[in-house]
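As structure tokens, the structure follows; a few thoughts come after it.
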Amino acid sequence: MLVAEGLVKRYGETTALTGFDLTVAPGEIVGLIGHNGAGKTTFVEVVAGLVRPDAGRVTVAGLPPGRAARRRLGVAPQDIALYHSATVRQNLRLFGALAGLRGRALSTSIDEVAEALDLTGLLDRAVGVLSGGQQRRTQAATALLHRPAVLLLDEPTAGADPTTRRALLEVVRQRAADGTAICYTTHYLPELEDLGATIAVARNGRVVARGDRDTLLAGLPGEVLVEFRDGPPQRIATTDPAATLADVLATGRTPVAVDIRRPDLDALYAALEVS
Ligand code: ATP
């Protein structure tokens with residue numbers, strides 16, 4: 001499992017982490033969300049051992065960051081970090097070997113992960129000629145090869161098309177079911193709903209709220225959008241869509257389309273801003 005306590009990281013005037021606490025249990029998916037600059041990537045870098053915190057403690061499967069912990073950890077960074085002139089298979093062999101896999105175990109693992117992420121037909125192509133979504137899938141594959149106890153996926157579906165997104169989410173779901181502790185950063189709330197993830201909200205370098213979606217969004221305003229045959233559409237923020245809609249209908253105007261939107265991330269961030 002992953003445990004981070006009181007992480008602080010300063011870059012000159014900027015404090016990227018200001019007492020960041022997060023625990024992810026085996027089999028749990030924690031969706032880490034937050035505005036740009038909230039500290040999510042810095043947290044991932046600290047856990048990966050790429051950045052040393054100024055204070056606080058982190059353990060991966062009970063181990064502090066370092067070579068032993070790295071073997072229990074799979075990281076898919078936000079920016080594609082692959083060898084572009086090498087093939088997908090060569091990249092996977094390299095990352096698998098760095099994680100300690102050898103021989104038949106490595107080959108079998110490459111075949112399994114390639115199959116799960118729909119990369120089988122691309123194994124002998126150079127990474128540099130792949131599409132953005134195919135590179136994303138390759139990047140995710142590098143994190144999965146050695147079946148790590150903890151997975152850190154930093155916006156793995158950024159820029160991915162629906163097919164790539166579905167494949168990635170399915171693999172994440174399976175790994176969690178197999179007992180992997182997964183921390184998944186994203187800007188898409190619906191993905192976290194799909195995954196049944198616990199949501200942790202980062203703001204100003206620390207986690208300020210944690211819970212399931214319904215708990216975090218309870219009581220926040222959603223939106224009712226009504227279009228009329230005559231005149232401009234109406235967009236109304238409300239915590240009681242049924243009552244709002246009834247009020248609109250009571251005016252006697254005839255709607256041609258009604259869209260009820262549940263509270264979203266913007267509503268959650270706005271609520272946290274004032275709390
Ligand atoms: P995003 O959603 O945009 O990826 P984030 O939540 O991942 O954002 P971080 O990338 O962790 O945020 O950045 C947190 C803060 O730390 C920002 O103010 C950023 O400018 C600063 N920061 C991060 N890395 C460095 C660095 N190497 N040098 C200086 N400042 C940094």
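Restricted to Cα atoms, region 130-205 shows a radius of gyration and a Dmax of 12.3, 36 angstrom. On a per residue basis, the convex hull of the C-alpha atoms belonging to region 162-275 measures out at 144 Å³. Taking all protein chains into account, the per residue accessible area for region 2-214 stands at 45 Å² (1.4 Å probe). Note on the chain: GNM, Cα springs under 10 Å; of Leu225, Leu117, Leu153, the largest mean-square fluctuation is that of Leu225. Kirkwood radius for region 56-119, taken over all pairs of different Cα atoms as the inverse mean of 1/r, rounds to 13.3 Å.
On region 2-214, 48 percent of the accessible area sits on carbon and sulfur atoms, based on a 1.4 Å probe.
Annotation for region 163-232 versus region 7-51: alpha-carbon center distance of 18 Å.
Normalising by residue count, the chain has a Cα convex hull of 158 Å³ per residue. Here region 44-90 was treated as a single set of alpha-carbon atoms; its pair distances binned every 5 Å from 0 give 5, 19, 24, 18, 15, 11, 6, 2, 0 percent. When the Gaussian network model of the chain links Cα atoms closer than 10 Å, the mean-square fluctuations of Pro65, Pro255, Pro148 top out at Pro255.
Across region 108-118, coupling constants 3J(HN,Hα) worked out from phi with the 6.51/-1.76/1.60 Karplus curve, θ = phi - 60°, read 4, 5, 4, 4, 5, 5, 4, 4, 4, 9, 6 Hz, and Gly and Pro carry x. Per residue of the chain, the DSSP helices (runs of n ≥ 4 H) give a summed -39500 (n - 2.57) that works out to -10500 deg cm²/dmol at 222 nm. Sites listed here are chymotrypsin sites (Phe, Trp or Tyr not before Pro) in region 1-106 whose DSSP assignment is loop and whose Cβ has at most 15 other Cβ atoms within 10 Å: Tyr83. Short-range pairs are left out: with C-alpha atoms under 8 Å and at least six residues apart, the relative contact order of region 92-206 is 24 percent.
The values are calculated or read from the model by the stated rules, or taken from the named source; none is laboratory data. Computed from a predicted structure; not experimentally measured. Glycine also receives a Cβ, built like all others from the backbone with ideal geometry; neighbour counts cover every protein chain displayed. Note: areas computed on protein heavy atoms with side chains; ligands, DNA, RNA excluded. Shrake-Rupley method; radii C 1.70, N 1.55, O 1.52, S 1.80 Å.
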